[in-house]
1. Specify the inter-centroid distance of the stretch 275-337 and the stretch 390-444, based on alpha-carbon positions, in whole Å.
2. For labels at residue 307 and residue 60 in the simple 7 Å Cα→Cβ model, what's the distance in nm?
3. If Rh is defined by the Kirkwood formula over all Cα pairs and Rg also comes from Cα, what ratio Rg/Rh do you get for the stretch 1-160?
4. Could you give the angle, 0 to 90 degrees to the nearest 10, between helix 177-187's Cα long axis and the longest principal axis of the Cα atoms of the chain?
5. Specify the angular offset, from 0 to 90 degrees and rounded to the nearest 10, of the alpha carbon long axis of helix 154-164 from the longest principal axis of the alpha carbons in the chain.
6. Counting every Cα pair in the stretch 2-61, what percent are over 18 Å apart?
7. In whole percent, what relative contact order does the chain give with Cα contacts below 8 Å and a gap of six or more residues?
8. Does the stretch 304-344 classify as rounded, prolate or oblate by the C-alpha gyration tensor (a ≥ b ≥ c root eigenvalues; a/c under 1.5 gives rounded; else a/b over b/c gives prolate, otherwise oblate)?
Ligand code: URA
């Protein structure tokens, strides 16, 4: 039989045997993994059997080798992109660099990062998705810009990479279609949280995309997938191993997501903040992470001894942004959409902010209409939350803490509820240490087996 380009023999294995093997802490062979992915994609192995196997994997894990085979089988289910035709005028290959974030609240880093790295002459193919739940999607944010188009053919993507260097566009359905089916199943069977399955899901799409270098931003905290730093580190190690084994130069930064990034969580308001960063300003944490990831991406393709922050100050990254937006029919000068209603929440006491919960802010932005509950929902471009203070800031009673933005006034009360316990204030106002934004780095050299 042939499933999505994979040929397999239906009688070669038995799904129940493979489920039992994993249930009893056994190891799946390469052949067994290729078979189950092909047979599941084809519909020969049913959802109930794949659910049982996914749960056994969640409970008992997989070895580095098994995860590698699982990832390769998902890649084989679809197309692989090839950027090797990108060349300098002298004919030398131009290496591409990409970034993937595991997602967080106010995480707009891709927006300034892609044009910043591109401004050093590096092609950045940033194939992105739409948001689901409390973390926003990069495409949803960019669609707040008048005229901007997310969908590009492979030819248009390659042309834009060659001419503009930076592309942020929708990942086509052809990349790792087995993952699409499996991810939807995991979503409704309580098996999303399995680190081997998260790592293989993310990396199958990134490896199929064909980038030469990949930098991962793996987040830990209340607003992230991984709540603890230990889990984030395990996920990062697993993904760096997968990328390295597949010949992609891969490294990961471990970053804090207990606190939202920047001062905005939404769509148009995150574009506005990203443009501030590209103009040499913007919130310190957004600038810090953008520069740290840019440095990592540039080093990965052999560009060293440069300061990425310089291209934020001298306008080169902004030029690159404008060309990237215009190339996809967007108007970089158009006014951004504004929400119809706004509501300000004021501080009840004076003191120093010691905590601002990322999950609560993400939930508020989502309830205001910035995110979607179901894939088919649309999002409001102007909706979201503006933060007027962050941990470490001194505030005085009555000063604005949050501004809630939405087109539907009835959404405000529920959003307000989610922010009720989002902020801690130390009324003694002693000095407050904020945790490091980047708390670790994992590269191939840190892998042990
Ligand atoms: N993002 C993905 O693409 N896959 C997962 O499994 C989790 C997050």
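FYI, it's all coordinate maths here, none of it is from the lab. Quick caveat: nothing in here was measured; it's all calculated off a predicted structure. Virtual Cβ from ideal backbone geometry, glycine too; neighbours counted across all protein chains shown.
1. Result: 26 Å between the Cα centres.
2. A separation of 5.5 nm, rounded to one decimal place.
3. Reported Rg/Rh (Cα atoms, Kirkwood Rh): 1.06.
4. The two axes meet at around 60 degrees.
5. Approximately 50 degrees, to the nearest 10.
6. Of all Cα-Cα distances in the stretch 2-61, 26 percent exceed 18 Å.
7. That works out to 18 percent.
8. oblate
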